[in-house]
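Participant: Got a structure for you, questions after.
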């Protein structure tokens, strides 16, 4: 199974993250797309996995979207983590 298909299936298993996935996609587009994020993603893979060329797992994307959603809630209600 390809990475993108795995990510889509993982997000569909967590429907509460669907809106966050769309928000994240639009945020990436506004910032100039993956070309801008490329160096950051390489660095992030290097620090997380020890190899900047590795493919992130679908669960990593779900974890990121969950974190984004939680941070949005905290900012909205003025709570601290």
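Participant: Let me understand region 3-77 better: what is its radius of gyration from the alpha carbons, and its Dmax, in angstrom?
Facilitator: Answer for region 3-77, Rg first and Dmax second: 13.0, 38 Å.
Participant: Please compute the modelled spin-label separation between residue 48 and residue 73, points set 7 Å along Cα→Cβ, answer in nm with one decimal.
Facilitator: 2.1
Participant: For a protection proxy built on the mean count of beta-carbon atoms within 10 angstrom, sort 56-63, 42-49, 71-78 highest first, please.
Facilitator: Ranking, from highest mean packing down: 56-63, 42-49, 71-78.
Where a number appears in this text, it was derived from the coordinates with a stated rule and is not lab data. No experiment lies behind these values; they were computed from the predicted model shown. Every residue, glycine as well, gets a Cβ built from its backbone with ideal geometry; the counts of neighbours run over all protein chains shown.
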